[in-house]
Amino acid sequence: MSDLQNSALQLLRTALQDPTATFRDGQWEAIAQLLYPRTRLLMVQRTGWGKSLVYFLTTRLLRNQGMGPTLLISPLLALMRNQIAAAERIGLQAATINSTNQEEWQIVQEQLLNNQVDILLISPERLANEEFREQVLLPLSARIGFFVVDEAHCISDWGHDFRPDFRRIVRILQALPTTISVLATTATANNRVTNDILVQLGSNLKVVRGKLTRQSLCLQNISLPSQKDKLAWLAEHLPSLPGSGIIYTLTIQDSKQVAEWLKTQGIDAAPYSGQLENPERQVLEQRLLNNEIKALVATSALGMGFDKPDLGFVIHYQRPGSVVHYYQQVGRAGRAVSQAYGILLSGDRDREITDYFIESAFPPQSHIEEILTILAEENGLSVSQLEERLNLSRGQIEKVLKLLSVESPSPVAKLDSRWYVTPINYTVDWDKIHRLTEIRRQEQAKMLDYINTSSCLMVFLARELDDDTTTNCDRCAVCLDKPLIPETFSLEKSQKAIGFLLRSNHIIEPRKRWPSGGIYSWKGNIPPALQADIGRALSLWGDAGWGALVKQGKYQDGHFNDALVNAVAELIQHWQPNPYPTWITCVPSLIRPELVPNFSERLARQLNIPFLPCVRKIKPNRPQKEMRNSSQQARNLDGVFEIMNGQGMEGSVFLVDDMVDSRWTFTAIAALLRQAGSGKVFPLALALNSLSQGE
């Protein structure tokens, strides 16, 4: 063993706090290559193999040789705390510049210029910030000693997690010294994605691919068609699974509902999604790392970069959209234990959700044309101003702007907070987008093949990732020809799951600020005296509880069942709003004028309080579901309703509607009611729009 290799081994043991640790196959070889100038390496290794150790140890050795700092670009800054702790143990001074530590930017910049930072971690989105490029990247570029791109599959628009800002990396790389070494790492790149990365980063990128099999991982697929079946199965079998683990859901709403159900069954679980603030996420991650919680019920926000070697299980509540995505998540389990479980629960609604993701992955041509047209007509617009002028959601607008901004040359440019068009002749490569969409549909079909395969599940996953070295695992349910975990559950759990779904209700948070430009002459913050109070929705639209009956009543029967009246009355009994309403009114409709008033009148009789149909719709408007952003949703209601004053309006009131989505209808009518002299207004809806997607 050379002195350099021995030095690296001692650093490895210090980083891992393990005096007996040794390099895994390929780790030292990768480090040794990267110590030579001009090396360009793409490292495809399974999750938990130790890719971060390769670039941290390489950084330490290069710094010992007098090289400049490492620049690490990663989408996982919030999930790299334990890796950074390992880096600090070998004397590396790590720093980051991101949106959460603006007060530290000046200090970090000074430390960088004084050569006091060994490794700078930034997100790819930071590359879009002109101030960062001018004040940090440009002065630092000539002194960078090592360049790392973590989760490099995000560069590829053929990959499962394409992020347009990664495309900026190519331009940054072109501006850096050609003598430095470059490392790109990923755990989830098949040959198609690898080839796309080579196109982006250069054909001289050497690909090193390791085996993707994880010997300790025991895989099983279980078909549970309905929501209640999945909940019952989880409650029945989660307590017997080893250690702590992750339950992945495709939607934020499902993460909340599953966690709530498990808690009612005495199982310590918590929801985790991109909606949480960073401190909350850190607390939950630490609880899982310390085995202080049985399961985090998480969206893909808890994915790449989360490292818990003794994770006992990963369960998927729904079928993911691709085999690559599934492998990336299930591979979190069993890194340092002899046996861990990867269980995939498939059901009836899975395709509906994955179809939504596929269809919304790329903006349609009409969105691009609308935005380019309005920007050409105006002298620069912010995203908020675009929302006011276009019936597109903020997410749709930002998706278009991000896609256009990483084109080279770009048809748009951002100055401060405003976007402008540039004088170039731009056309979208729709053929490529159609090909990408078709590939995603093929990947969806492959997930169905995985669920129904009669061959080894680990072999199936590995081959989809173009690892042909894998042999039968002799551990999965297919290899053993029997379930690893029983697929059945008790009638008692099933009945409890049904009861939970029927009793579940959802908070309707009040809005506290009018949209830009205002409505009904109201602007700015909504005074407390005009605000709606906290409300409730009986169900999620179309779910296995009351949601399916609500959907049937609205679109098939034209009449809401008495069972829904009883269910809402029971909800109110448990809720007990204060002060308790003395009357009921409802949101009027010109399309179905009798549907909600009829329901509200029956509910009023059940509660023994009067129904006063005092809200009148005085002009038609477009259906709220057609309005795509908050500004358009609010403006669509401007001047639409008026209140007919009458006796009995002084007390608190239930304001009833069949469906709640944006909350603007409740907000506007509540303000009108309060202005007309009513007491507190408690919104009450039969269903909440359940398509809460994203991370």
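From the list Ser539, Ser516, Ser521, exactly one residue is touching a residue at least 24 places away in the same chain (Cβ under 8 Å) and farther than 17 Å from Ala563 by Cβ. Which is it?
After applying the criteria, what remains is Ser516.
Could you tell me whether Pro593 is in a loop (DSSP other than H, G, I, E, B) and open to solvent by less than 40 Å² (accessible area, probe 1.4 Å)?
Here the answer is no, as Pro593 does not meet what is asked.
From the list Ser181, Ser240, Ser226, pick out the single residue that is open to solvent by less than 10 Å² (accessible area, probe 1.4 Å), modelled with pLDDT of 85 or more and of a type in the set (S, T, N, Q).
Ser181
Sort out which residues of the range 491-517 are open to solvent by 40 Å² or more (accessible area, probe 1.4 Å) and polar (S, T, N, Q), and write them in order of number.
Within the range 491-517, Gln495, Asn505, Ser516 meet the criteria.
Name the single residue that is modelled with the highest pLDDT among those in the range 184-212 being within 15 Å of Trp49 (Cα to Cα) and surrounded by fewer than 17 Cβ atoms within 10 Å (Cβ to Cβ).
Val208
When Leu198 is evaluated against the numbered criteria (1) within 27 Å of Tyr341 (Cβ to Cβ); (2) outside any loop (DSSP other than H, G, I, E, B), which criterion, by number, is the only one it fails?
In the conditions (1) within 27 Å of Tyr341 (Cβ to Cβ); (2) outside any loop (DSSP other than H, G, I, E, B), Leu198 misses (1) alone.
Picking from Ala445, Ala413, which residue would you name as being in a strand (DSSP E or B), at pLDDT 85 or above and either of a type outside the set (Lys, Arg) or open to solvent by 20 Å² or more (accessible area, probe 1.4 Å) (or both)?
Answer to the selection: Ala413.
Select, from Thr179, Thr185, the only residue that is farther than 19 Å from Leu112 by Cβ, in contact (Cβ under 8 Å) with a residue 60 or more places away in the chain and not in a strand (DSSP E or B).
Step by step, each of Thr179, Thr185 is checked, and only Thr179 is farther than 19 Å from Leu112 by Cβ, in contact (Cβ under 8 Å) with a residue 60 or more places away in the chain and not in a strand (DSSP E or B).
Residues to consider are Gly648, Gly639; find the one that is surrounded by fewer than 15 Cβ atoms within 10 Å (Cβ to Cβ), more than 39 Å from the chain's Cα centre (by Cα) and not charged (D, E, K, R).
Answer to the check: Gly648.
Would you check which residues across the range 518-531 are part of a loop (DSSP other than H, G, I, E, B) and open to solvent by 50 Å² or more (accessible area, probe 1.4 Å) and list them?
Once the filter is applied, which keeps residues that are part of a loop (DSSP other than H, G, I, E, B) and open to solvent by 50 Å² or more (accessible area, probe 1.4 Å), the range 518-531 yields Ser521, Lys523, Pro527.
I'm checking my understanding of the structure. Among residues of the range 9-35 that are at pLDDT 90 or above and among the small types (Gly, Ala, Ser), which one is farthest from Gly50 (Cα to Cα)?
In this case the residue turns out to be Ala32.
Here's the yes/no breakdown for (1) part of a loop (DSSP other than H, G, I, E, B); (2) buried (at least 23 other Cβ atoms within 10 Å of the Cβ):
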| residue | (1), (2) |
| --- | --- |
| Leu302 | yes, yes |
| His325 | no, no |
| Ser338 | yes, no |
| Ile343 | no, yes |
| Asp355 | no, no |
| Ser366 | no, no |
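For Val428, indicate whether it is modelled with pLDDT under 85, open to solvent by less than 60 Å² (accessible area, probe 1.4 Å) and aliphatic (A, V, I, L, M).
Spelling it out, Val428 is indeed modelled with pLDDT under 85, open to solvent by less than 60 Å² (accessible area, probe 1.4 Å) and aliphatic (A, V, I, L, M).
Does Phe132 satisfy the criteria of being within 30 Å of Glu464 (Cα to Cα) and touching a residue at least 24 places away in the same chain (Cβ under 8 Å)?
So Phe132 fails the test.
Name the single residue, out of those in the range 345-380 being more than 30 Å from Asp254 (Cα to Cα) and touching a helix residue (DSSP H, G or I) at 6+ places or on another chain (Cβ under 6 Å), that is modelled with the lowest pLDDT.
Looking at the filtered set, the residue picked out is Ile368.
Name the single residue, out of those in the range 51-61 being buried (at least 21 other Cβ atoms within 10 Å of the Cβ) and not aromatic (Phe, Trp, Tyr), that is farthest from Val324 (Cα to Cα).
Arg60
Could you grab the pairs with beta carbons closer than 8 Å, sequence gap of 6+ or different chains, first residue in the range 56-68 and free of Cβ contacts under 8 Å to residues at least 60 places away in the same chain, second one open to solvent by 60 Å² or more (accessible area, probe 1.4 Å) and in a helix (DSSP H, G or I)?
Partner pairs satisfying both residue conditions: Leu61/Leu4.
Quick one: count up the residues across the range 532-572 that are charged (D, E, K, R), open to solvent by 60 Å² or more (accessible area, probe 1.4 Å) and over 30 Å from Asp350 (Cα atoms).
Residues meeting the conditions: 2.
Quick one: Pro124 ticks every box in (1) farther than 19 Å from Gly68 by Cβ; (2) surrounded by fewer than 16 Cβ atoms within 10 Å (Cβ to Cβ); (3) in contact with a strand residue (DSSP E or B) (Cβ under 8 Å, 6 or more places away or on another chain); (4) of a type outside the set (Ser, Thr, Tyr) bar one, so which box is it?
So the condition that Pro124 fails would be (2).
The values are calculated or read from the model by the stated rules, or taken from the named source; none is laboratory data. As the structure is a prediction and not an experimental result, all values here were calculated from the model. Every residue, glycine as well, gets a Cβ built from its backbone with ideal geometry; the counts of neighbours run over all protein chains shown. Ligands, DNA and RNA are stripped out before the accessible areas are found, and what is left, the full protein with its side chains, is counted by its heavy atoms. Shrake-Rupley method; radii C 1.70, N 1.55, O 1.52, S 1.80 Å.
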